[in-house]
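See below for the structure under consideration.
Taken together, the values in this text are just the output of simple stated rules run on the coordinates, not laboratory data. This structure is a prediction, so every number in the text was calculated from the model and none was measured. Cβ placement follows ideal geometry from the backbone for every residue including glycine, while neighbour counts extend to all protein chains displayed.
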Amino acid sequence: MRGYTERTKKLREMSVSTNPALSIERAVIMTEAYQKYEGSVDIPVLRALAFKEYMERKTLVINEGELIVGEKGHDLQCAPSFPELCCHTIEDMEVMDKRELISFSVTEEDKKLQAEKVIPYWEKRSIRHKIMQSTSQEWKDCYAAGMFTEFMEQRGPGHTGAGNIIYKKGFSDFKRDIDARIARLDFVGDENAYDKKAELEAMKIACDGIIAFGRRYSEYALKLAENETDPQRKQDLLLIAENCKQVPEFAPKTFHQALQMYWFVHIGVTSEVNPWDAFTPGRLDQHLNPFYQKEVREGTLDYDRVRELMECFWIKFNNQPAPPKVGITLKESGTYTDFCNLNTGGITEDGKDGVNPVSYIILDTMDEMKLLQPSSNVQISKKTPDAFLLRACEISRKGWGQPAFYNTEAIIQELLNAGKSIEDARHGCSTGCVETGCLGKENYALTGYFNIPKVLEITLNNGFDNYTGKQIGLKTGNPEDFGSFEELYDAFLKQMHHFLDIKIAGNNIIEKIYAKYMPVPFLSIIMEDCIEKAQDYNCGGARYNTYYIQGVGIGTITDSLSSISYNVFDKKNFTMAELCEAIKADFVGYDRIYNLVCNKTPKYGNDDDYADTIMKRVFNSYCDYITGRPTIKGGQYRIDMLPTTCHVYFGEVCGATPNGRRAQKPMSEGISPEKGADTNGPTAVIKSCSKMDHLKTGGTLLNQKFTPAVLQGEDGLKNLAALIRAYFALDGHHIQFNVIDRATLIEAQKHPEEYKDLIVRVAGYSDHFRNLSKALQDEIINRTEQSFS
Amino acid sequence: MENVLISNIQRFSTKDGPGIRTTVFFKGCPLRCKWCHNPETHLLSEEIMYNRENCTLCGRCVTACPEGAVKIENNTVVTDTKKCTSCQKCTEECFYNAREISGKSLSFDHVCDIIERDTAFYSESGGGVTFSGGECLMFPEMLTKLLKFCKSRRIHTAVDTSGFSTWEVLENIAPFTDLFLYDIKAYSSSLHEKLTGVPNSLIWENLERLAQKGADINLRVPLIEGCNAIDEEVAKIAERCASMGIKKVNLLPYHDMGKYKYTKLGREYDSNSMSTPSDEKMQKFKKIFEDYKFTDVKIGG
């Protein structure tokens, strides 16, 4: 069992062995609160009162042995639902109970409450319903076709992280700030003074809500302590009671209280709405270090205690499955993971190396805990000491994907490029998967994935979508009539602009719906400058406001365009009409074309300028059309290049592509090459990827796979570190590693077509597994360590 | 300058010298070591490598061959090497990559271009470029020019060699070579000749002169049960090299991972008489070198 102490071993075991369930409590309390207040108060106040009611009434849980308290649902692994965003039907509930993956158990009692209480009230009031009522038919057609997805369809704008203000102020302090701001409202000269007052009053009510929540926990712990017979546990409970008396009402004084403070804020933010989950303490090592230093100096804290507290904290994250998703949102993000993404390391706000003792303790904690949540990653700056990088590589090499590596200098340049101050940029973070933002100061939300390869499919069908059987694109001409690659590209661009305009038009409507109906007064308290602007987080109150549209399938689209340019126009290996027929037939019966496009065509990921130039062109076309466009909140659009699980869904809605990707198969993920397209090793992949201008984005995602043998020993570790440093020197944003085990190699042998890019160590060099004879593969499976040069 | 025949340029090579390297494998070798795992680097000409596992017997190669050198016989494709001119018509037509050409004629600029692509990785890892083969010393003019190019870019250079060449060649490249990866395969010339086809007096002589010049030398000793994995042989190698002041050695236990390439080339491989020395034996060999005051003794590359 994993865990630094007996306590955390038990807590971890409890966390990982409990099955996720739906928690109906929140939906019921919200319904009752809305029924009580709706119509009699302004909407921000209504939201705050409902939040407060939940905080005052929700079930309290203190799990056996834990030192940090508070669950989002009525118990651990119980996810609340948010009927004001997405009102689940009974059928939805049955599906989430029965489905094989990402299931949530739902009781008969839950279904009864949902049917009798929740559905009748929320059915027509939910944001999801409003969105489907308000968006245009063409938006709906594109959405159904899988041209793009919509993040806010059943989850609120989320994704941001907490800054350091919550470690300096308690909510009684925030209340004073709010009162001071109310006192300065100008009812004579400011036409918005009334709205501002409502928002500020709402924030105050939300402060009361979270303060009440803390007090309730304090009293509950005290009561449990009275009845506790184990003297050690009694002490723990008294300490919990003391901590919860301090935070969140007042600023934390100890390391332990700092963790509890964050945790209360986390529960508050993720209970207020479902901010699609990614809320995070972000730069945790920076925030905790002052507490750590002080207490270590005073002799009240040692390494063992910090480790135990950190592990308790880790387990709290793992106790919270992301609230149940349904439909397309489940497909784009099919996971329990909450995407709480920690960035350890990086640099300080005044530009110094940010690695501190807490950074190393976080690495030790993630290594021991090996939990999917929180997603524990590192920021590597040119100032980061090698010792820290090597320790992170050592954990990464174990092969389960954490930590991933972010480039501090890239994050800072991306943020500066988006108009942020240097101090705010240095306190920047990659949250969710890889998305850049300023912790505690920015509303930056992903708004949806965009299916770039599908644009080409539509172009090759003169605007017609085979998946839905509808004309969703423009009539840009029959593909056989394109006389040159330029003509084809021109048509492709027109279609892309067309679909992006539809996406943005939809975003504008949805942004407005959230601003109007779904203010988040609690989150607004801790997001700088919402109080000063007297404006809600969802109405542009944060210092910075950014909307991202995430491009998916850059590998697939690059190779597809390369295939057309190279085979149809340069080499004249076949005609466009022949290619279109082959695609239509999923290449069945078109062996020659299939093998030409698969095996004899320049591809992205090989440091081959023919393909990489096309990648750059598509990337720039996509980036330039979106970046800098205004959002309704007064912010800006920018792009990310990441897929979560959406590349699989986007593949499902598309036929075969000109690069030889078969119908319904996944698109390429992140900025990684198409599966099996890269054959020149990891340095060539990195070179290809770095030809993209990462600094113009808000984040890119690169996956690399290795067999354990490639990274073995001291040399292997140093080479891994060097690969990361080199990629970052070339301005790469992010890289993560899969290190493949024996079982996977056996799978790879059975299904070589799915593991075309798997690299193994052969003798004195690395080779693609598929390029080896079966006998040699057997040899390697049985003896992964190579020694002959 | 004329092009040179290269069998492969391997990027992210991590066992041919320090750090992340690009290894340039020249094609052509005067030795025929029994255990060689790179048989495609032997000949000074292009060769067809045929992978039966990828082949569908579609027959496109047969019709593509202008010389009539390719036939399908007994469920496999057979190439008459006497008729084959390596014109590559058949490999172009083979969509399944069952037929590939070993050996590409590359210009100096082309090789330089590939070398320069990974400079970011060399500098972060302390790596560089390794020239190997085959035997890279067979191509002194091109090798010298490439080494000079690397040095002009401040790229670390290593030369992986059997040492079987005239002293002039080694003397000329030494100023531009940061590290020699120098193979010693046997102590006695008679054994060496039996195992590799050539005597080794020249190899020892060259090593001695290189050591005298103060070159940085890392010995590489392949150890094959049934060939040279003999205590006395190893001890004598260690003794002689120690007397030259050499301190670094890689002891490379035999493996048969090159076996499949012999099949692809349609050649025989004598696998019965060779095997991998036991771990205990490798440890013993390691101890022998350490006893001769070698400071850096590694098992494996």
**Request:** Using +1 at the Cβ of each Lys and Arg and -1 at the Cβ of each Asp and Glu in chain A, identify which of A:Ile68, A:Ile347, A:Pro80 lies farthest towards the dipole's positive end.
**Result:** A:Ile347
**Prompt:** How much length is gained if the chain between A:Arg184 and A:Lys294 is pulled fully straight, taking 0.36 nm per residue apart and subtracting their Cα-Cα distance, in nm to one decimal?
**Reply:** 35.9 nm
**Request:** Determine, from the Cβ-Cβ distance of A:Leu101 and B:Phe108 and an R0 of 60 Å, the FRET efficiency 1/(1 + (r/R0)^6), rounded to the nearest 0.05.
**Result:** 0.60
**Complete:** Exposure-ranked with fewest Cβ neighbours within 10 Å first, A:Tyr220, A:Tyr449 stand as A:Tyr220, A:Tyr449
**Asked** Where does helix A:713-729 land angle-wise versus the long Cα axis of chain A, in degrees 0 to 90, nearest 10?
**Response** 90
**Request:** With a cut-off of 18 Å, note down the residues of region B:13-50 whose backbone N falls inside the zone around a label point 7 Å from the Cα of B:Cys87 toward its beta carbon.
**Result:** B:46-49
**Item:** Distance in nm between pseudo-label sites at A:Ala212 and B:Thr295 (7 Å out along the Cβ direction from Cα)
**Value:** 7.4
**A:Gln137-A:Glu64 pseudo-label distance in nm [points 7 Å out on the Cα-to-Cβ vector]** = 6.1
**Full-stretch length increase - A:Ala743, A:Lys475 - with 0.36 nm per residue and alpha-carbon distance subtracted** = 91.6 nm
**Asked** What ranking of A:Tyr537, A:Tyr622, A:Tyr194 emerges when the number of other C-beta atoms within 10 Å of each C-beta is taken as an exposure proxy, fewest first?
**Response** A:Tyr194, A:Tyr622, A:Tyr537
**Asked** What helices in chain B pass both tests, a Cα length along the helix axis of 15 Å or more and a mean Kyte hydropathy of -1.0 or higher, using whole DSSP H runs?
**Response** B:140-152, B:201-212, B:231-243
**Prompt:** For A:Met147, A:Met615, what ranking results if the residue with the fewest other Cβ atoms within 10 Å of its Cβ goes first?
**Reply:** A:Met615, A:Met147
**Complete:** For region A:380-414, listing GluC sites (Glu not before Pro) in a DSSP loop whose Cβ sees at most 12 other Cβ atoms within 10 Å gives none
**Asked** Spin-label point model (7 Å from Cα, Cβ direction): what's the A:Glu6 to A:Arg57 distance in nm?
**Response** 4.1
**Message:** I need the calculated FRET efficiency for the pair A:Glu487 and A:Asp731, taking r as the beta carbon distance and R₀ as 41 Å, to the nearest 0.05.
**Reply:** 0.80
**Message:** Give the lysines reachable from B:Lys281 as a straight Cα distance under 24 Å; neighbours fewer than 8 places away on the same chain don't count.
**Reply:** B:Lys15, B:Lys34, B:Lys185, B:Lys194, B:Lys236, B:Lys247, B:Lys248, B:Lys259, B:Lys293, B:Lys298
**Request:** Compute the acute angle (0 to 90°) between the alpha-carbon long axis of helix A:171-183 and the principal axis of greatest extent of the alpha-carbon atoms of chain A; round to the nearest 10°.
**Result:** 90
**Asked** Based on Cβ point charges of +1 for Lys and Arg and -1 for Asp and Glu, what charge dipole magnitude is obtained for the protein assembly as shown about its Cα centre, in debye rounded to the nearest 20?
**Response** 580
**Prompt:** Angle between the Cα long axis of helix A:231-246 and the longest principal axis of chain A, 0 to 90 degrees, nearest 10?
**Reply:** 90
**Asked** What percent do you get for the relative contact order of chain A when only Cα pairs under 8 Å and 6+ apart count?
**Response** 13
**Item:** Over the protein assembly as shown: helical MRE at 222 nm, DSSP H runs n ≥ 4 each giving -39500 (n - 2.57), nearest 500
**Value:** -13500 deg cm²/dmol
**Message:** Run the paramagnetic zone check for B:Arg153: 7 angstrom along Cα to Cβ, then residues of region A:672-716 with backbone nitrogen under 19 Å.
**Reply:** A:680-691
**Message:** Please list, ordered by chain and number, the residues whose modelled amide H lies under 5 Å from the amide H of A:Tyr548; skip anything fewer than 5 residues away on the same chain.
**Reply:** A:Ala445, A:Leu446, A:Thr447, A:Arg638
**Request:** Place a +1 charge on the Cβ of each Lys and Arg in chain B and a -1 charge on the Cβ of each Asp and Glu, then give the dipole magnitude about the Cα centre in debye, rounded to the nearest 20.
**Result:** 220
**Request:** Show which lysines lie in cross-link reach of A:Lys370 when reach means a straight Cα distance below 17 angstrom and same-chain residues fewer than eight apart are skipped.
**Result:** A:Lys9, A:Lys10, A:Lys316, A:Lys398
**Prompt:** So how strong a dipole does region B:174-280 carry about its Cα centre when Lys and Arg Cβ are +1 and Asp and Glu Cβ are -1, to the nearest 20 debye?
**Reply:** 420
**Fill in**
Taking R0 as 41 Å and r as the Cβ-Cβ distance between A:Trp400 and B:Asp279, the FRET efficiency 1/(1 + (r/R0)^6), rounded to the nearest 0.05, comes to 0.85
**Request:** At a Cα cut-off below 16 Å, give the lysines reachable from A:Lys600, other chains included and same-chain residues fewer than 8 away excluded.
**Result:** A:Lys571, A:Lys572, A:Lys675, A:Lys756, B:Lys89
**Request:** Can you tell me how much longer the chain between A:Glu423 and A:Asp173 gets when fully stretched, taken as 0.36 nm per residue apart minus their C-alpha distance, in nm with one decimal?
**Result:** 87.6 nm
**Asked** Antiparallel as a % of all DSSP beta bridges within the protein assembly as shown, to the nearest 5?
**Response** 35
